[in-house]
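Working notes, structure below.
The values are calculated or read from the model by the stated rules, or taken from the named source; none is laboratory data. Note that the coordinates shown come from a computational prediction; the quantities given were computed from them, not determined experimentally. Backbone-built Cβ (ideal geometry, glycine too); neighbour counts: all protein chains shown.
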Amino acid sequence: MPPRQRTVAATALTLIVFAIPCVYAQNYSADDRELGSNVRKNSVPRVESRVIEMPDVVGTPVAIVALELPKDTLGEGEQARFDIEFAVDIRGAVTTSMILVSSHPSLNEEILKQHKAWKYSVATRREPCVITRFKGVQSLHVERRDGELKATLDPAEVVERLVAQQHVVSPQRLSSLKSNYYEVMNSIQYPPSALRAGVEASVAVLAEFSEDGAVHDAFPVNAAYDRWGFTVAAVDAAKKLKLQEPTGKSFIACVPLSFKFR
């Protein structure tokens, strides 16, 4: 069996990590999917690939803590509704929140406490580097069925787009600065577990540059870490970026990446 090959291609917007797999096949059912992903046939013969992508709309919950409430608060078949007004930061983390509508006011404090740990999308698949801080309303419907809490929810309604705390430098601008940008991006390895399983992904990372031109922090857009290692690989690479001619100012830059088979 010939070895797998990996190449990296740069476009005007996104760096693409290509993997050319040897014959390997693994199938996924429609039930085996993650938030923001879909199942589609890869162009490589005999390879069924699952594609992990960013959500299509801002305000999509991307990391949710399963609700836990005392068993005596909701009886079997009983339903509850909570409308939560909240705001998020550039990482998609909830910063402030309050209950607007509640069918069970005695549970408000507990619902807000657990919702505080949720993370939301602040960018989309079509515009991965357009970061939107926002104020939104999350409608949460809860019911106890078969002794377990079941919650149904849709993306939050974005009611106000907030002014960004700091301008995000575009990938085009970042790549034009004298740095080790292409050297670092070309060193990214396709995650082995994803390569074996035939999984592709599109992710983006925000890198915080300090005054000396080095990256002092990096984190995935939408604060969503995947189990295949795509975001870990992207974040680890972003942390190695360094400007050869520091600007003397701190800034945040966006680095989008696509991991593809070909």
Flag if Tyr225 is of a type in the set (Ser, Thr, Tyr), over 18 Å from Met54 (Cβ atoms) and within 22 Å of the chain's Cα centre (by Cα): no
Within the stretch 220-237, considering residues that are aromatic (Phe, Trp, Tyr) and touching a residue at least 12 places away in the same chain (Cβ under 8 Å), the one farthest from Ile188 (Cα to Cα): Trp228
Count of the stretch 178-231 residues which are under 17 Å from Pro128 (Cβ atoms), touching a strand residue (DSSP E or B) at 6+ places or on another chain (Cβ under 7 Å) and among the hydroxyl-bearing types (Ser, Thr, Tyr): 2
Selection from the stretch 159-170 of residues that are closer than 23 Å to Lys242 by Cα and modelled with pLDDT of 85 or more: Val168, Val169, Ser170
Glu200 in contact with a Lys or Arg (Cβ under 8 Å, 6 or more places away or on another chain) and surrounded by 21 or more Cβ atoms within 10 Å (Cβ to Cβ): yes
Among (1) closer than 25 Å to Glu53 by Cα; (2) touching a residue at least 60 places away in the same chain (Cβ under 8 Å); (3) more than 21 Å from the chain's Cα centre (by Cα) - the single one Ser187 does not satisfy: (2)
Checklist (1) assigned by TED's automatic domain parsing to the domain that holds Glu78; (2) on the phi > 0 side of the Ramachandran plot applied to Leu153, failing item: (2)
The lone exception for Gly229 - which of (1) within 16 Å of Leu174 (Cα to Cα); (2) touching a helix residue (DSSP H, G or I) at 6+ places or on another chain (Cβ under 9 Å) it fails: (1)
Within the stretch 31-68, considering residues that are modelled with pLDDT of 85 or more and among the hydrophobic types (A, V, I, L, M, F, W, C), the one farthest from Ser121 (Cα to Cα): Ile64
Test: residue in the stretch 238-245 that is under 17 Å from the mean Cα position of the chain (by Cα), touching a residue at least 12 places away in the same chain (Cβ under 8 Å) and assigned to a loop (DSSP other than H, G, I, E, B): no
Given (1) crowded, with 18+ Cβ neighbours inside 10 Å; (2) closer than 23 Å to Pro61 by Cβ; (3) hydrophobic (A, V, I, L, M, F, W, C); (4) at pLDDT 90 or above, index of the condition Val215 fails: (2)
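Does Val142 fit the bill of being under 30 Å from Glu78 (Cβ atoms) and surrounded by 17 or more Cβ atoms within 10 Å (Cβ to Cβ)?
Criteria met by Val142.
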